[in-house]
Every structure is written in C-alpha cells, then in structure tokens.
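Please treat every number below as a calculation from the coordinates, not as lab data. Just so we're clear, the structure is a prediction, and the values are computed from it rather than from any experiment. Here Cβ is always computed from backbone atoms with ideal geometry, including for glycine, and neighbour counts include all displayed protein chains.
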Amino acid sequence: MRLNPEVPAPAAITAGSSVLLLTQKPMDLEQNVVHVYETLRTQVCQYLTATFGDPAEAEDITQETFLRLYVHWSSGKTIAENRLRSWIFRVAHNLAIDRTRSAKFIRELASEEYSAAALQVPDGGSDPEETLLDRERFNAVRRGLALLSKQESRCLHLRAEGFCYREIAEILNISVSSAAEFLRRAMRKMAR
Amino acid sequence: MQSRFNCFRKDRDWHPDEGDLLLYLDGEQPSRKAARIRLHLEACWACRVGAEKTSQTISSFMDYRNRILLPSLPSAAEHRGGFEGKLHALAVQTPDNRPSWSTMLARVRAWGGNALRAPLAAGVAAVLVLGLAVAASYVWSPTVNAQRLLAQASAMEDAHDNNPNLVLHRSLRMEKRKYGDKQLLLRRRIDLWHSGARGITARRVYDDSGKLVAGEWSERNGSSAVYETGARPEIGTRSRMIPKVLDSPDDLWEYDLSAGSFEGLTGTAAHARVDNQGNDFVVHYEPRDRTENNRLLSAALTVRKDDFRAVALEVTVREPESPGIPAGPGTPVVYSIVESSFEQRPAREVNPQVFQTDAELLASPLPAKQGDAAADLQMETTYLLDQVGATLGQEVTVTVGADGKLHVEGVLATESRRAQIIKALAPVRHNPVAVINLITVAEALQRKRVEPAVATTAGTQAESASIPLFDQLSQYFEANTASDSSLDVRAKIQRLSEQVLEDSGEAMRHAWVLKRLANAIPPAEIGNLSETTHNQYLCMVAAHAQKVGERTGKLRLELAPILFPDGISPGMAEEGSGATPADLTVAVRQLFEAASQNDAAIQYGFSVTTGQAAQGAAKVQEIQHSLLQAEQLSKWLRQAANAGNCSPESQRK
C-alpha cells in the first residue's frame, strides 16, 4: 500500500489514553486505522488467543475489529479519546463471543499448549536453582489459571492489559461489581 | 507519647476482606475507604501479609504472562500486509464520509428554529421532505473513487508481482476495431508469464493462425527487449511504453493490462468515473484535452471487485498518420485487451523455459544470406563481449539489423560497467558497420522516469518451511555428523542447499550463453566465417561448455554421496573430433535442455517450501539423469570445439 508520507501520524496511543482523528480525508483515515492497528493489534490478538484460543481465529477477529473501527469512523461516528482502547477490546470480545456461539472458534482455551510452553521456562540465568523455582512458580500459576472460569480468565487478562474495572465491565458487558467479583475469585484461585 | 503509637485503635477489630484489599491495590476503592485501608494496613500485620500475598499472586501471574504466555502467542506482525489490503478494499467500497442524518436534521433545525412560523410551516415541511429524499439517495448511493480504486488495484498487483513463490500466467485477447461499425481490423493472442522471484516478464504475441509474431522480455529494473519477426530487437525501458503505444497503437500488446499502467495512460485519473457493474468496477476516463495533439480519446479499465485485478481494457485512439492503415489518419479506432485466463502457479512447478526467448524470435532478421563480413564482425563482437562476461545474463545483444549494420545494444547497471564493455569493444568500435548503443539503467530511467517497483512488505514467508529433499539430506548428515546437534545438521543442509543452488544457477547462465551463440548464426553460415572468428566461436563454445561441465561435475560430487550412494558415472563422452557445426548446434541445444531440466529439478528439490517432503524423493532420479546428461554433453561439446582448432593462442587473436 502506498502511504502518503505527508500525512502526519496520529499521536501515540498508550494504554491509558488514545488519540484519534475523526474528520479526515479517507486516505488519512485509513492510515490512522493502520496506525491504531499497529499499536494495538498484538494486545488484542493476544487477549483473544489467551481467553478464547485458536490464534488464527484470533488474528482474523483482530483484523475484523479494526475494519469495524474504520467503518465506524468513516460513517462520521466518534469515539472518546480515552475510550478507544476499551472500544476496540469490546468489539473484539463481542466478535469472539459471536463466533464462539456459532462454533466458529475451533478451540476454547487451549491451556494445554500453554502448559507445554511453561515446561520450557527460559533460563533465569546460570543459576539452576533459580530456574527450578521459576518453573515451580509458573506451574502454580498454570494450575491456578486452569481453575478459572471463562469470565474470571477474561477479567484477569483484561486487568493485566491495564484496564480498570469500569473498562473491564464495559468490554465484557457486565457490571463493575461483577468485574470486581470475578477478579476477586480469580485471585483467590490463583493464590491457592 | 501515647499518641505516637496509638493509631486507629478504634479500627483494630475491623479488617478489610480480600475483595477490599484487591480493590485497594488496584486503586478502585473510593478515596475515603482507600485511606482507611491504608491506615489499617499500617497497623495490621495480618492484613498487610494478605495484601502482600495478593501482590505476589499478581506478580507471579504477570511474570508468567510476560515470560511464558505472551511469547508463545502469535505476534500478529506478519499479518499487517493482509490487513492493509482488506482495509484498502473496504475503503474503496465504503461511501465517502457524508453528513449524517442527525447532522442534516440539526442544521435544518438550527436554520429553521426561529424562522419557522405558521405560514411557512407547510412549505418548509415540503422542502424538508424533499431534502431528506435527496439526502437519502446521496447517503445511500455508494460512490467509488477512481484514484483509490486504482491505487488499491495497483497495490494488489505489486503484491502479486513481487511474490517470489508464484509465477503468474495470463492469456489475453487483443482486438482492434473500427470506431463506427466495430469492424475487426486486427486480432492477437497474448501469452504472458511473470516470475516474482526473478522479476522477469515474458510476453508472447500470436496471430490468428497461432504463429508467434512478437515477444517482449522485460525485467523488474524496467529494461526491456522487444522482438518481432523480421525486425531487429528493440532494447529499451518500459517507461517509454505509454508514448510508444499511443504513437503506434498496434503495439498495445506491450502494454500491461493493469491498474498501474492505466494510471500511466490516464495520468492521475483524477476526473475518471467509476461504474459499479455487477462483479466489476469499470473506470472510465476521457482526457480533457480533446485536440488532435492528444491521440487518446477515451479509456476504460475493468477491475474485478473480488480481487481488484484488471481484466479488460478498452482504449479509443486516433490512428496515427501512417500509410496502409485502413482506418486512415486521424480516424478513431478502438483497441481492446481482455483477459481470457489467469492462473498463479507455484514457481517450482513452472518450467523455466517459459521465460526463455524463443529461437524463432532470436533468429537473424536477415533471412537472406548475410554478408560474411557482417557475420565475422558479429562473431568477433560477441567474442569480445564474452571476454568481459557481458554475454552472461544477456546484458548486451548483438544483432544484424535490417539496415545491414551490426547493432550492439544494452542497458547496463552502472557507468563503470558500460566503460568496461566499451573498452572491450575497442577493436570493433570504429567499424562503420557497428552501431553501439549502450546506456545505463539510470540514463534509461532519466529519459522518462518510471515508478520504482514497490518492494512488498507483505507476504514474507512466515510458515515453518523446509526443502523437499530435507529427509534425505537429514539422514545423510545425521549419519555422518559426529555431533548429535540437530542445529549442526540443519546448518549443513542449509549450506549445501545454497551451494547447490548457486552451482546449478551458474551452470544455467553458461548454458544460456551457449544457446544464444547457437541462435546467433545459422549452422550453415558457421563454415563461412573467417578462420579467426570461427576459432573464436569454437573457443566460446568450448569455454562455456567447460563451465557447464565444471558446475555439473561439482554438483555431482556434492550430491552423489547423499542422493546417489550407489554412485553414478558421467560415462564416456563420445568422440567429438570431426563433428560438423550442425552437430555442435544440436549438442548446444541438448545441453541447454539438460541444464534447464537439471536446474528445475534442483530448484525444486533444494528450495525452501512447505509440505513437499514426500515429493522430494521423486526429484532425486530426475537430478541424477539431468546431471549425467549435462555433464556428458558438455564434455562432448568441449572436445568438439577443441577439435575445431581452438587454442589459447587463437583465442587471443
């Protein structure tokens, strides 16, 4: 794709704040969507994979999410700056739920794969004792993750992405108190 | 003193639960409650330990997430190209941003807020209804922007053209008709092959009877060689294509059926119109300059909606003034190019010969016997070029033109290379029969700048891939490697593959030189060459045959212990002494065939691909056979050429 180098890139999008330009020429809009995609795609894709499984589906949904962002903006609708990130996660989450309902997601949480990955804990240095401790610790986390319900897992991963409770509630379409409760339960199971 | 230690004694019977602590740690507690918990934690070791335990759980999870989970998840980085393509496709089909209903209504309301009075209410309401109806059609009728459509189609073409794993094959039908009654004046079939890996495009043109009448071989750097039967080759650049086809529209077959070329023909297409027709978009362009200076009257490009591929072009041009053209000078004629078939094939499955120049096009444009002097000069010039390696890769062509002169033409990579070649040509440079036209790529591009090829960022090979012969190679190296490291084995396989591919490619380059030599002079005329040039001819054949033999022999030695453990022998070459030039020419062509087969089999067997291991074994026999044949033929040729009195002394004459 030939990008217009004269079009200034939008401001950086960080976990806490998002910037977006809403009244632009089509090509600018495309570039900005690409910019947002590049900034957030990994986080979105990783969240979807971690909580729904199937990386290929996750990538597909991630792309569809950002295409919807383009449609949203090109139709003249706006998104508050500080809500862009949670908007994207919410759309991605809803798309994933839709696909789960229509059984398009081949696998639900593929924890076995991550278990296998956990067995290959990278060396913590030259200290074998440290490596062993890491392995024990990660095994405990893995066991805890295996105990989580879907909602608990989603809340946990979204919290790890830096979302506050209100944003988690928005993304998952639940109340803030439910988000808090899911997180509390998740922490309890993880701490066992 | 008591106040110093008496902190919140009244709160000591209250303890935050784990939910409260988590909310506190996450900064989600209201400020008053957060302050209370903070003070409590200062006082209560039990709760502080609980909070620290929660923090440790969070810490362990985040550590696990960052070190284990995230690295094992897909990065999605390799998908960017695909996303941009989808986005651009969406953008093309998405209506331009229009004022929304709410905005329009708000504007109407703002305008009419104070103005609406009872006497005007009915009229304003009618205007409002009409306005809304117009707005509805405006908002709900998607318009496609021609520039964006062409840009998208062009981007897709670039992605296809630069895909190293694919070869594109298109068949096109070109017709020329009278503007008024559509009477057919000319029909051609165009067969086009494009290699993404090599950047080569071979375009062949056939007449109604299926006879090959012209061809063009172009490279990614823009250099191009056009061959037409009965004419000397035209060496130039594709950048001259647009003015050329307008001056000589019958050469429209040289024009790419693509969005990129359409943009070149129509400029920015800023005022082009797009029609939405079923499965296609049709971009209509009519230049604003309607004077006779502008030959182009109109152009229309059909682009498929599903893959943005240009599939049809129709241009109406003023026929340039030229005798013998039925339409007459200045009369509009309509040219059309329509795609009749399109396929993308894995590069390894395509015979490399489709990219080779056809012998009938390479044949001398002078069917009548050319003068011995010209033939000698042609051979001497070819020999001089060969001495500086300019015959490898067809850098420079040497042909006898219809004017009877020897044309030495080429587009060279650098100025220093041109200087080197001109220096090498010193003995013939001042010969009045020789016309030397060597330009650099930079000069060619300066004449009319072409858009540089866009390097694709998409489609990088991210799949886990191997080579089809991996299993055989792996077994061999595992059995013969002291270390049991699989990395050692992989590294050895990679090194061997690179070496084998290089050797095969080098053999092929020399085989090409041999083929061009054989095509340059008809066998019957070789005997008419002077002794010196005859010797030069034989020396070149011997030298390049030797190179082919060396490389194929090297390949045999490299591969024999692995692929042919039972051993192969090149066999005894037939005696070459006394061979006639016709035999030599036949042998050159056979050697070229063998080297081509060998190169194709090696490219297939040793190039990284996916899921082809099972078929790798089938290539072993093919490689063995073609290696053996190429080595035998090269030895035969070398002996035959040496028997023709080729000696180092004669080579230096």
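Averaged over the residues of B:534-547, the number of partner chain Cβ atoms lying within 10 Å of the residue Cβ comes to 0.
Residue by residue along A:180-191, Cβ atoms of other protein chains within 10 Å of the local Cβ number 5 on average. Scoring B:543-549, B:381-387, B:206-212, B:282-288 by mean Cβ neighbours within 10 Å over their residues and listing the highest first yields B:543-549, B:381-387, B:282-288, B:206-212.
Partner shielding of B:85-92 amounts to 5, given as the average count of beta-carbon atoms from other chains within 10 Å of each residue beta-carbon.
Amide H contacts for B:Ser258 (H built 1.01 Å from N in the peptide plane; partners 5 or more residues away or on another chain; cut-off under 5 Å): none found. Beyond 19 Å in Cα-Cα separation lie the following of the pairs B:Lys86/B:Lys305; B:Lys515/B:Lys547; B:Lys182/B:Lys305: B:Lys182/B:Lys305. Fewest-first ordering of B:His169, B:His271 by other beta carbons within 10 Å of each residue's beta carbon gives B:His271, B:His169. Counted by neighbouring Cβ atoms within 10 Å, the residues B:Trp14, B:Trp253, B:Trp193, B:Trp45 run from fewest to most as B:Trp45, B:Trp14, B:Trp193, B:Trp253. Couplings for the stretch A:177-191, taken from phi via the Karplus curve 6.51 cos²θ - 1.76 cosθ + 1.60 with θ = phi - 60°, read 5, 5, 4, 4, 5, 4, 5, 4, 5, 4, 5, 5, 5, 5, 7 Hz in order; Gly and Pro are left as x.
Legend: distances between Cα atoms for B:Lys492/B:Lys554; A:Lys189/B:Lys33; B:Lys554/B:Lys635; pairs beyond 21 Å are A:Lys189/B:Lys33. For the pair the stretch B:413-427 and the stretch A:146-184, the centres of their Cα atoms are 72 angstrom apart.
Highest average first, the peptides B:34-43, B:338-347, B:408-417 ordered by how many other beta carbon atoms sit within 10 Å of their residues are B:408-417, B:34-43, B:338-347.
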